[in-house]
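Chemist: Right, I'll just put the structure down here and ask away after.
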Amino acid sequence: MITGIKGMNDILPTEMEAWHFLENQVREVFHSFGFKEIRVPALEKTELFCRSIGDDTDIVEKEMYTFLDKSGHSLTLRPEGTASVMRSYIEHKLYAQNQVERLYYVGPMFRYERPQKGRYRQFHQIGAEIIGENSPLADVQLLNMLCRYFERIGITDATLQLNSLGCPDCRPGYRQTLIDFISSRLDGLCTDCRRRYQHNPLRVLDCKVEECRRACQDAPSVLDHLCADCSGHFATVRRLLTELAIPFEVNNRMVRGLDYYTRTTFEMVSGRLGAQNAVAAGGRYDGLVASLGGPAVSGIGFAIGMERLILMLDESTLPVSRPDLFLVTLGEKALDRGFSLLSRMQREGLHAEMDFSGKSLKAQMRRADKLQARVVLILGEDELTRNQIQIRDMDRGSQDTIDLDQLFPILGERLSDI
RNA sequence: GUGGGUGUAGCUCAGAUGGUAGAGCACUGGAUUGUGGCUCCAGUUGUCGAGGGUUCGAUCCCCUUCACUCACCCCA
């Protein structure tokens, strides 16, 4: 047996209702905020991700699916969406069309990691970006859209965590202050933190080990070291969120895994997801577009992990799809005649099914019941000779005999009020 | 890359201190010559994850390996 690849899952027909639900709702909500969809390839030149995500990040160092194509170019399956969208934005000079672009995307991403709950090697993200808008209103609009989407799909138990990482003016100073602080209490830290504090000091603040938490209890906060502009920006974001009645918690220890983030960063977290508690995350990336060779425009965006979203979905909120009609036939003549009736029903846009194999009436009825068909039509030899058909309401259990030429008018009436 | 757990029917899982396996669900047929759900009856399905070792004999014991899964690292 040839099996699929580790960490890459089939999405089977039984799961598809949930996926369609998420995709349909996201289009409605995001369009109402003026966002346009963009589709970019799954493969990019490796260099794009090294430059945008950062050479020193775990994603680039060990998690990318990278290979040489037949002409020797190094290509990578995208580990996230923002880099590709920015590449496309710059390449097609979208900034020349509109000063501000609002874009969203839906699609698979790839990271070579050990799979576990809520983490897969091929996974799917819904992402949104506002490019070319520096105002804190953009931050708040994006967060508002994220919350409205969660509300729409019935997710109520996620909490929004907010932080600000500062900008190239104020971040280096804080970073050094933090490294100095950590150096002073190195012996209280776990081996991981001792190894990484020079390289990623913020990460130490987020360590789960109890000793590290204690040692870092009174560590300097990034929020106390923001420059005036960043501080003002962050204050406005918090004020507007409050005015929109969007609940949030400030978490000054929240870390981002990608290098390009500046100022506002955020996560939606939930306790229902196992060890990976973030279902959505994002932030501002004011230097990214320029660093990729585009104009000096700011940006902000987020990505939602769809598999994680599905773990949080309450299945009872999903719309159920039932066939309108199931056609039961008895005998060969009725099978032929029924088949052409079926075809006409489908042409009318009805969801109609039947069995082709000549099973017993009971077996066909069982099938209709299993599919939860609303109405069953029964066409046997007797009905055929009288030019009639039986119409049965499966929910009520009532059944009538009608003339065949009345079938479509009657179906129109019966199915319209469902 | 590191650590724990689990691999028996399509699915969820029992099982014996070594004598080649069972239940429920699902599926099919019947009880009702042409009527679903409930009930009852009958039937189908297995290289017991793979390879090797010990043994008269291994699904069970030993070794190796693979897969899945959870967690670490890190992240959506």
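The values are calculated or read from the model by the stated rules, or taken from the named source; none is laboratory data. All figures in this text were calculated on a predicted structure; none of them were measured in a lab. No Cβ is skipped: glycine too gets one built from the backbone with ideal geometry, and neighbour counts run over all protein chains shown. Note: areas computed on protein heavy atoms with side chains; ligands, DNA, RNA excluded. Shrake-Rupley method; radii C 1.70, N 1.55, O 1.52, S 1.80 Å.
Chemist: For the stretch A:323-331, indicate whether the set of residues that are within 16 Å of RNA strand B (Cβ to nearest atom), open to solvent by 30 Å² or more (accessible area, probe 1.4 Å) and under 30 Å from A:Ala18 (Cβ atoms) is non-empty.
Modeler: The answer is yes; a qualifying residue exists.
Chemist: Just to be sure I understand, how many residues within the stretch A:219-248 are surrounded by fewer than 13 Cβ atoms within 10 Å (Cβ to Cβ) and either touching a Leu at 6+ places or on another chain (Cβ under 8 Å) or basic (Lys, Arg) (or both)?
Modeler: The total comes to 2.
Chemist: Ok, one more. If A:Ile131 passes every condition in (1) crowded, with 22+ Cβ neighbours inside 10 Å; (2) within 14 Å of RNA strand B (Cβ to nearest atom) but one, which one does it miss?
Modeler: Single failed check for A:Ile131: (2).
Chemist: Answer yes or no as to whether A:Glu44 is open to solvent by less than 80 Å² (accessible area, probe 1.4 Å), touching a Ser or Thr at 6+ places or on another chain (Cβ under 6 Å) and farther than 15 Å from A:Val289 by Cβ.
Modeler: Against the criterion (open to solvent by less than 80 Å² (accessible area, probe 1.4 Å), touching a Ser or Thr at 6+ places or on another chain (Cβ under 6 Å) and farther than 15 Å from A:Val289 by Cβ), A:Glu44 qualifies.
Chemist: Which residue out of A:Asp139, A:Asp192, A:Asp169 is of a type in the set (D, E, K, R), within 29 Å of A:Leu241 (Cα to Cα) and open to solvent by 50 Å² or more (accessible area, probe 1.4 Å)?
Modeler: Every option except A:Asp169 fails the conditions.
Chemist: Something else: Pairs under 6 Å by beta carbon, first residue closer than 14 Å to A:Asp10 by Cα in the stretch A:113-124, partner within 6 Å of RNA strand B (Cβ to nearest atom) and open to solvent by less than 70 Å² (accessible area, probe 1.4 Å), six or more apart or different chains?
Modeler: A:Phe123/A:Glu307
Chemist: Among the residues in the stretch A:176-185, are any basic (Lys, Arg), assigned to a loop (DSSP other than H, G, I, E, B) and touching a residue at least 12 places away in the same chain (Cβ under 8 Å)?
Modeler: Yes: the stretch A:176-185 contains one or more residues that are basic (Lys, Arg), assigned to a loop (DSSP other than H, G, I, E, B) and touching a residue at least 12 places away in the same chain (Cβ under 8 Å).
Chemist: So which pairs qualify, if the first residue must be in the stretch A:373-398 and more than 20 Å from A:Asp355 (Cα to Cα), the second must be open to solvent by 10 Å² or more (accessible area, probe 1.4 Å), the Cβ gap must be under 6 Å, and the two must be at least 6 apart or on different chains?
Modeler: Note: pairs meeting the criteria are A:Asn387/A:Leu404.
Chemist: Test each condition in (1) away from RNA strand B (no atom under 16 Å from the Cβ); (2) assigned to a helix (DSSP H, G or I) for A:Asn98 and report the one that comes out false.
Modeler: Only one criterion in (1) away from RNA strand B (no atom under 16 Å from the Cβ); (2) assigned to a helix (DSSP H, G or I) is unmet by A:Asn98, namely (2).
Chemist: Does A:Leu309 satisfy being crowded, with 22+ Cβ neighbours inside 10 Å and within 22 Å of A:Arg111 (Cβ to Cβ)?
Modeler: yes
Chemist: Is there a residue in the stretch A:377-392 that is within 14 Å of RNA strand B (Cβ to nearest atom) and either in contact with a Cys (Cβ under 8 Å, 6 or more places away or on another chain) or under 28 Å from A:Glu23 (Cα atoms) (or both)?
Modeler: No, the conditions are met nowhere in the stretch A:377-392.
Chemist: Would a scan of the stretch A:77-98 turn up a residue that is touching a strand residue (DSSP E or B) at 6+ places or on another chain (Cβ under 7 Å), farther than 27 Å from A:Val279 by Cα and surrounded by fewer than 20 Cβ atoms within 10 Å (Cβ to Cβ)?
Modeler: Looking for residues that are touching a strand residue (DSSP E or B) at 6+ places or on another chain (Cβ under 7 Å), farther than 27 Å from A:Val279 by Cα and surrounded by fewer than 20 Cβ atoms within 10 Å (Cβ to Cβ), one finds at least one in the stretch A:77-98, hence yes.
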